[in-house]
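**Q** Got a structure for you, written out below as structure tokens; questions coming shortly.
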Amino acid sequence: MRFTNKKETLRVSAHERLGEVLKAMRQILEKYPKIQSTDLLMSAGNLIHQVKNFNYDDKGSDTTPFVEAVDQLALAFST
């Protein structure tokens, strides 16, 4: 039971952080619409996909896709 609560807490926390990132991104894009690009939106979509489809049940799940998705999003913002 304790493990179930912990994994649910992790899942909820990950979704909350994703919401914060997307809110900040929306505010930036509203202020600077010229930086909106297909790459940026695809990178954001990839991060959403990674968070939603992560296996929170497996303690040994590889988090590399998260790191790569965040890196892709940062790169899309910088170009």
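The values are calculated or read from the model by the stated rules, or taken from the named source; none is laboratory data. Note that this is a predicted model, so its numbers are computed, not measured. All Cβ positions, even for glycine, are placed from backbone atoms using ideal geometry, and neighbour counts span all protein chains on display. Note: areas computed on protein heavy atoms with side chains; ligands, DNA, RNA excluded. Shrake-Rupley method; radii C 1.70, N 1.55, O 1.52, S 1.80 Å.
**Q** Look at region 6-43 and say how many of its residues are open to solvent by 80 Å² or more (accessible area, probe 1.4 Å) and either in contact with a helix residue (DSSP H, G or I) (Cβ under 6 Å, 6 or more places away or on another chain) or at positive phi (or both).
**A** Result for region 6-43: 2.
**Q** Next up: Just a yes or no: is a residue in region 44-63 open to solvent by 60 Å² or more (accessible area, probe 1.4 Å), in a helix (DSSP H, G or I) and among the β-branched types (Val, Ile, Thr)?
**A** no
**Q** Would you please list the contacts, defined by Cβ atoms under 7 Å and residues six or more apart or on different chains, that run from a residue in region 17-35 that is closer than 16 Å to residue 70 by Cβ to a residue that is open to solvent by 40 Å² or more (accessible area, probe 1.4 Å)?
**A** 18/48
**Q** Next question, about the same structure. Which residue is farthest from residue 8 (Cα to Cα), if the candidates are limited to region 64-79 and must be open to solvent by less than 80 Å² (accessible area, probe 1.4 Å) and without any contact (Cβ under 8 Å) to a residue 12 or more places away in the chain? Can you show your working first?
**A** Narrowing region 64-79 to residues open to solvent by less than 80 Å² (accessible area, probe 1.4 Å): 64-66, 69-70, 73-74, 76-77.
Then keep just the ones that are without any contact (Cβ under 8 Å) to a residue 12 or more places away in the chain; that gives 64, 74.
Details: 64: 20, 74: 28 Å.
Step by step, filter region 64-79, then rank; the result is 74.
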